[in-house]
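This report refers to the structure that appears directly beneath it.
The values are calculated or read from the model by the stated rules, or taken from the named source; none is laboratory data. This one's a predicted model, so the numbers in the text were calculated from it and none came from an experiment. Here the Cβ is made from the backbone with ideal geometry for all residues, glycine too, and neighbour counts use every protein chain on show.
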Amino acid sequence: MKIPRLPAIYLAWVLCLAGSLMSLYFSELRHIEPCRFCWFQRIALFPLAIQLGIFTYRSDGSAAIYGIPLCFVGFSAAVLQSLDLVFDFHALCGPGISCREGMIYFFDFIPLCWVSGAGFVVIAALLWLGRRVQPT
Amino acid sequence: MDRKPTFIHLLVIATAVVSALLIAIGAVYEASVPLETNELRAEGRPRIGRLEAKVEMVLIEDPRCGACYYFMENIFPEIYEKYIETGRAYCIVVPVSFLEGSEPLANAILAVNKQAPEQFLAFLHAVFVHFHGRESNGWEQKEVLDVAQSVGGIDLKRLRDCILTNCYSKQLEQNFDWGKRIMGRDFGVPTLYINGMRTSIRSADAIGERIEKLEKHK
């Protein structure tokens, strides 16, 4: 069996899976409540984690058509959360769980919403790169 | 068309299986964690409910935190009615003050608990309601006295003296350090522990479910 280069859609899918598992780890195992913007990011991420697996299996480059709009939704939520974090626009976050207090930081200074926003950009870029693959 | 599985097909299946396994391991781990994990040693702090109750809740909150207000207004009343008032659980409240303008409020909460414990819950609720959604304006010391007056049954002179001298500053500092120690990097408010285990504050149902599970466990 010839081992081909890994398609970009597969890499995008792996990123989505990693993000989804990490999100579930924080909410279900460490019991850190997701805030409103976190939920919007999850709404965009979780379907991608399933859809992209199917698209990869089918080597279907049309994943970009369905995936990039979801990435845009997730990225927008991450940007709004970052604005809330940096400029204290807490009105955006609404009632309920605070978008600022309890924020998770990587290496003590990179907030999770920045990682999430960058993740959506990379996923969208990979989907764009993988759009030329023909269906089997 | 060639139906033989390709490398990509196998890779996709392997990745999906690994992900499913990770989720299953997480679910098994969560289910197997003992219901009571640690002693929080929160005694000596304001308590709502009877100490004989089987289930102990420990609630950590800052009086200027919006999410704490949301919890106190939308979730806590149901918990209070179903489990605290009926003697099935009690709740230890640990006020912390790290948000702007919360120190006089947290001081007042502790002071009211000391001098008029029967008014504690009403005062706590009134503080959250009064200051919710308002920026700190430096008038908290005066306004919290107005809140105390509206609740009634509180010695306003003693309360004012306590607020002016920041009489519980040491206790508040200890509460904050204690909160940071037990939560570590995940420090946040509101946080609820039930019999020593950090619990979701998403809904009254989720909290009730945990309490009922613990009642059966005992």
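Mind checking which residues of segment B:179-202 are free of Cβ contacts under 8 Å to residues at least 40 places away in the same chain, assigned to a loop (DSSP other than H, G, I, E, B) and more than 7 Å from chain A (Cβ to nearest Cβ)?
Passing the criteria: only B:PHE187.
Among the residues of segment A:27-49, what is the count of those that are surrounded by fewer than 18 Cβ atoms within 10 Å (Cβ to Cβ) and either over 22 Å from A:LEU112 (Cβ atoms) or in contact with a Pro (Cβ under 7 Å, 6 or more places away or on another chain) (or both)?
1
Residues in segment B:80-100 that are within 12 Å of the chain's Cα centre (by Cα) and closer than 15 Å to B:LEU121 by Cα: how many?
5
Any idea which residue in segment B:63-92 is surrounded by the most Cβ atoms within 10 Å (Cβ to Cβ), counting only those that are assigned to a loop (DSSP other than H, G, I, E, B) and out of contact with any helix residue (DSSP H, G or I) (no Cβ under 8 Å at 6 or more places or on another chain)?
In this case the residue turns out to be B:CYS65.
If I ask for residues that are surrounded by 19 or more Cβ atoms within 10 Å (Cβ to Cβ) and either facing chain B (nearest Cβ under 9 Å) or of a type outside the set (A, V, I, L, M, F, W, C) (or both), which ones from segment A:50-59 would you list?
If the condition is that a residue be surrounded by 19 or more Cβ atoms within 10 Å (Cβ to Cβ) and either facing chain B (nearest Cβ under 9 Å) or of a type outside the set (A, V, I, L, M, F, W, C) (or both), then A:GLY53, A:THR56, A:TYR57, A:SER59 are the ones that fit.
Just to be sure I understand, how many residues within segment B:164-181 are of a type in the set (Asp, Glu) and farther than 17 Å from B:ILE92 by Cβ?
So the answer is 1.
Among the residues of segment B:192-203, is any aromatic (Phe, Trp, Tyr) and surrounded by 20 or more Cβ atoms within 10 Å (Cβ to Cβ)?
yes
Select from segment B:7-39 the residues that are β-branched (Val, Ile, Thr), at pLDDT 75 or above and either closer than 30 Å to B:HIS217 by Cα or not in a helix (DSSP H, G or I) (or both) and list them in ascending order.
Matches in segment B:7-39: B:ILE23, B:ILE25, B:VAL28.
State yes or no: is B:ASN137 more than 29 Å from A:TYR105 (Cα to Cα), surrounded by fewer than 21 Cβ atoms within 10 Å (Cβ to Cβ) and of a type in the set (S, T, N, Q)?
Yes.
Could you tell me whether any residue of segment A:36-48 is facing chain B (nearest Cβ under 8 Å) and modelled with pLDDT under 90?
No.
In segment B:157-177, which residues are exposed (fewer than 12 other Cβ atoms within 10 Å of the Cβ) and of a type outside the set (Lys, Arg)?
Within segment B:157-177, B:LEU164, B:THR165, B:ASP177 qualify.
Across segment A:11-26, what is the total count of residues that are crowded, with 18+ Cβ neighbours inside 10 Å and either at the interface with chain B (Cβ under 7 Å from one of its Cβ atoms) or in contact with a strand residue (DSSP E or B) (Cβ under 7 Å, 6 or more places away or on another chain) (or both)?
Residues that pass the stated criteria total 2.
In this structure, does B:ALA42 turn out to be at pLDDT 90 or above and away from every other protein chain (no Cβ under 11 Å)?
no
Are any residues in segment B:96-105 within 26 Å of B:ARG41 (Cβ to Cβ) and either modelled with pLDDT of 95 or more or in a loop (DSSP other than H, G, I, E, B) (or both), and if so, which ones?
B:VAL96, B:SER97, B:PHE98, B:LEU99, B:SER102
Only one residue in B:VAL129, B:VAL112 is in the same structural domain as B:ASP155 (by TED's automatic domain parsing), under 16 Å from B:VAL151 (Cβ atoms) and loosely packed, with under 15 Cβ neighbours inside 10 Å, so which one is that?
B:VAL129
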